[in-house]
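Read through the structure below, which is laid out as structure tokens, and then see the notes.
We did not get these values from a lab; they are worked out from the coordinates using the rules stated. Since this is a predicted model, take the numbers as computed values, not measurements. Counting neighbours? That spans all protein chains shown, and the Cβs are built from the backbone with ideal geometry, glycine included.
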Amino acid sequence: MEQNQKQANPGPLGLLGFGLTTILLNLANAGIVDLTVVILAMGIALGGLAQIIAGVLSFKQGKTFGGTAFTAYGFFWLSFVIIKVGLPNTNPADLTSLGFYLLLWGVFTTFMFIGTLKHNTISKLVFGSLALLFYLLAIGDFTGITLITRIAGVVGILTGLFATYDAVGQIVNEEYGRTVLPL
């Protein structure tokens, strides 16, 4: 006899990994804290690995959007940490190459945002603000204007809060079997 077991939704794990790590990093971009091992460790563990796990589980469930988003942004976090820590026998990242790195992530995120136009409001806010964040960070790096990076940091904190709210909303709504936190 085959039993139909309900599969857990990996989305909240991925969103939590993204949201909390994004808040933490953008506290540094906003000039509130320094970029330290605390942020880099969170980037590896929750931003990178947790999102990759959520992405693989989403792919397994046939969810192309979630699988692509979580896996890609999980690898973003791992690559970001490598960029900040550096690799032996390589030059450190310069602002121009980092600007192009962030610009490419902005372009990818813009296309992902287009995909959210069929999703709920909070998903649109997450991806719309994330695209803006990447573009602002790229402009800040290209121009060297710290104020732009500080503004990006504030946008990033909001982006992380949107994603964290999305994660918590999905968990709470599922637990109660009704909409407690509107998404």
Residue list for region 44-81, restricted to those being in contact with a Leu (Cβ under 7 Å, 6 or more places away or on another chain) and either of a type in the set (Ser, Thr, Tyr) or without any contact (Cβ under 8 Å) to a residue 40 or more places away in the chain (or both):
Ile44, Leu46, Gly48, Ala50
Could you check region 139-154 and list, in sequence order, the residues that are closer than 10 Å to Asn29 by Cα and either under 19 Å from the mean Cα position of the chain (by Cα) or hydroxyl-bearing (Ser, Thr, Tyr) (or both)?
Thr146, Thr149, Arg150, Ile151, Ala152, Gly153, Val154
Would you be able to say whether some residue in region 45-66 is part of a helix (DSSP H, G or I), within 30 Å of Leu147 (Cα to Cα) and among the β-branched types (Val, Ile, Thr)?
no
Could you grab me the full set of residues in region 9-43 that are in contact (Cβ under 8 Å) with a residue 60 or more places away in the chain and part of a loop (DSSP other than H, G, I, E, B)?
Asn9, Pro10, Ala30, Gly31, Ile32
Would a scan of region 49-65 turn up a residue that is over 12 Å from the mean Cα position of the chain (by Cα) and under 24 Å from Ala152 (Cα atoms)?
no
Go through the residues of region 78-93 one by one and say whether even a single one is closer than 21 Å to Phe134 by Cβ, surrounded by 13 or more Cβ atoms within 10 Å (Cβ to Cβ), under 12 Å from the mean Cα position of the chain (by Cα) and of a type in the set (Val, Ile, Thr).
no
Return the pairs, sorted by first residue and then second, in which the second residue is crowded, with 18+ Cβ neighbours inside 10 Å and among the hydroxyl-bearing types (Ser, Thr, Tyr), the first residue lies in region 160-175 and is closer than 19 Å to Gly128 by Cβ, the beta carbons are less than 8 Å apart, and the residues are 6+ apart or on different chains.
Gly160/Thr21; Gly160/Thr22; Phe162/Ser129; Ala163/Thr22; Asp166/Ser123
Would you check if there is a residue in region 160-180 being more than 26 Å from Pro12 (Cα to Cα) and either in contact with a helix residue (DSSP H, G or I) (Cβ under 6 Å, 6 or more places away or on another chain) or part of a loop (DSSP other than H, G, I, E, B) (or both)?
no
Hey, any hits in region 109-118 for a residue that's within 25 Å of Phe142 (Cα to Cα), out of contact with any His (no Cβ under 6 Å at 6 or more places or on another chain) and either touching a residue at least 24 places away in the same chain (Cβ under 8 Å) or assigned to a loop (DSSP other than H, G, I, E, B) (or both)?
yes
Quick one: Lys6 ticks every box in (1) more than 12 Å from the chain's Cα centre (by Cα); (2) free of Cβ contacts under 8 Å to residues at least 60 places away in the same chain; (3) within 20 Å of Gly86 (Cβ to Cβ) except a single one, so which number is it?
(3)
Scan region 72-89 residue by residue and report those that are farther than 18 Å from Gly106 by Cβ and either of a type in the set (Lys, Arg) or assigned to a helix (DSSP H, G or I) (or both).
Leu78, Val81, Ile82, Lys84, Val85
